[in-house]
Amino acid sequence: MKLRTFLASAVAAAAALTVAAPAMAQSNYKSEYRLSLVLGPPTPWGMAGQIWADLVKERTQGRINIKLYPGVSLIQGDQTREFSALRQGVIDMAVGSTINWSPQVKQLNLFSLPFLMPDYAAVDALTQGEVGKEIFKTLDKAGVVPLAWGENGYREITNSKRAIEKPEDLKGMKIRVVGSPIFADMFTALGANPTQMSWADAQPALSSGAVDGQENPLFLFTVLKMHTVGQKFVTTWGYMADPLVFVVNKDIWNSWTPADQGIVRQAAVDAGKQEIVLARKGLVEAGKPLLKDIAGMGVTVTQLTPAQREVFVKATRPVYDKWKPTIGTNLVDMAEKAIAARKQ
Ligand code: X2X
């Protein structure tokens, strides 16, 4: 009788364990995962986060619930601290620009080398090829889990003073630049007066005229109506494009079941693909409709001829050469080869 009771309770306990197992895997799940971004929806960058969050929620039946924190609000807008915060667990996950993480991961300055990537095929040759894999290994070593690539985009220069056709036109112009020192080097080489500040500080600085110009992908020009803060001149010079990277904090990643890890990874890949199409919208179609929209706002849009562009390439070449060993000579060589071999 006693034995039978014992066996029965043992069976019951085992049954309870089996039932409890999937629930237990989730009991260490957080009710909300905090996703950091600089730009929120409706920018392509913000949509990258939104699409990722939506796909994950749907495919995990709500087991993983991601909330967007645009404006890098988890770190009070200080975007150059995002990578450290991610590593430390202040941030659970992020869709971040290579520029903002470059102060901690110097290899990411690769994408900021002036005029390295002449076209979108060159960007893809890097992110979708061996170079992309190499950079993911570096990010993994640096303490985060990289999952997929997205795109902020080609950063074109805008200003309130004059049309820029040659480096001399930038002379003395106060230009807001982003957080990696390579940008200060480039704008100094071109004769401008670069001022490094966060995006949060850049917007009031543009409105008040504290700075004359800035550089960012052109969708941001239209979303923010930059012509209303005096940005009357746009030059498309395509000097660099910043990819976005979808990443998760390591402890958070390890707290998920392998099945859920697979879902989150695939959702990042899918979101990245969709977002890259959004980021290029208006810039890859014949006649570049986005440039027409901007011209329609009363803005002077200058598209450099190949010869004009070449003058900027030459003027910034010393910066390229200076940064190559810092980024890693082998990595830069690998990137140059991948670009030379790209399908156009
Ligand atoms: O600060 C910028 O210019 C932005 C929004 O493009 C980045 O975060 C790199």
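The values are calculated or read from the model by the stated rules, or taken from the named source; none is laboratory data. In this text, all values refer to a predicted model and were calculated from it rather than measured experimentally. Cβ coordinates were reconstructed from backbone atoms using ideal geometry, including for glycine residues, and neighbour counts include every protein chain displayed.
Considering each of G179, G238 in turn, give the residue that is within 16 Å of the ligand (Cβ to nearest atom), assigned to a loop (DSSP other than H, G, I, E, B), under 27 Å from K281 (Cα atoms) and modelled with pLDDT under 95.
On the way: G238 fails: modelled with pLDDT under 95.
On inspection, the qualifying residue turns out to be G179.
If you scan the range 275-288, which residues turn out to be farther than 21 Å from L37 by Cα, surrounded by 13 or more Cβ atoms within 10 Å (Cβ to Cβ) and of a type outside the set (A, V, I, L, M)?
G282, K288, listed by residue number.
If I ask for residues that are touching a Phe, Trp or Tyr at 6+ places or on another chain (Cβ under 9 Å) and surrounded by fewer than 19 Cβ atoms within 10 Å (Cβ to Cβ), which ones from the range 120-131 would you list?
Result: Q128, single match.
Name the residue, out of A85, A148, A125, A142, that is modelled with pLDDT of 95 or more and within 16 Å of the ligand (Cβ to nearest atom).
The unique qualifying residue is A85.
Between A192, A202, which is surrounded by 17 or more Cβ atoms within 10 Å (Cβ to Cβ) and within 14 Å of the ligand (Cβ to nearest atom)?
A202
Taking the range 88-109 as the region of interest, how many residues are within 16 Å of the ligand (Cβ to nearest atom), among the hydrophobic types (A, V, I, L, M, F, W, C) and surrounded by fewer than 24 Cβ atoms within 10 Å (Cβ to Cβ)?
Let us first name the residues in the range 88-109 that are within 16 Å of the ligand (Cβ to nearest atom), namely 91, 94-105, 108-109.
Restricting the remaining residues to those that are among the hydrophobic types (A, V, I, L, M, F, W, C) gives 91, 94-95, 99, 101, 105, 108.
After this cut, where a residue has to be surrounded by fewer than 24 Cβ atoms within 10 Å (Cβ to Cβ) as well, the list is 105.
Residues in the range 88-109 being within 16 Å of the ligand (Cβ to nearest atom), among the hydrophobic types (A, V, I, L, M, F, W, C) and surrounded by fewer than 24 Cβ atoms within 10 Å (Cβ to Cβ): 1 in total.
Is there any pair linking a residue in the range 272-286 that is touching a residue at least 12 places away in the same chain (Cβ under 8 Å) to one that is basic (K, R), with Cβ under 9 Å and at least six apart or on different chains, and which?
G282/K288; G282/K292
State which residue is surrounded by the fewest Cβ atoms within 10 Å (Cβ to Cβ) when the search covers only the range 212-235 and only residues that are in a loop (DSSP other than H, G, I, E, B) and within 12 Å of the ligand (Cβ to nearest atom).
L224
Can you confirm whether Y69 is in contact with a strand residue (DSSP E or B) (Cβ under 9 Å, 6 or more places away or on another chain), touching a residue at least 40 places away in the same chain (Cβ under 8 Å), surrounded by fewer than 24 Cβ atoms within 10 Å (Cβ to Cβ) and under 23 Å from F221 (Cα atoms)?
no
Quick one: which of D293, D242 is farther than 20 Å from V95 by Cβ and surrounded by 15 or more Cβ atoms within 10 Å (Cβ to Cβ)? Before you say what the answer is, go through the steps one by one.
Details: D242 fails: farther than 20 Å from V95 by Cβ.
Exactly one residue qualifies, and that residue is D293.
Against the definition (in a loop (DSSP other than H, G, I, E, B) and either out of contact with any Asp or Glu (no Cβ under 7 Å at 6 or more places or on another chain) or at positive phi (or both)), how does G262 come out, yes or no?
No: the conditions fail for G262.
This table checks each residue for (1) buried (at least 20 other Cβ atoms within 10 Å of the Cβ); (2) of a type in the set (D, E); (3) farther than 16 Å from G262 by Cα; (4) within 12 Å of the chain's Cα centre (by Cα).
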{"position": "S27", "(1), (2), (3), (4)": "no, no, yes, no"}
{"position": "K30", "(1), (2), (3), (4)": "no, no, yes, no"}
{"position": "V38", "(1), (2), (3), (4)": "yes, no, yes, yes"}
{"position": "A48", "(1), (2), (3), (4)": "yes, no, yes, yes"}
{"position": "D54", "(1), (2), (3), (4)": "no, yes, no, no"}
{"position": "N65", "(1), (2), (3), (4)": "no, no, no, no"}
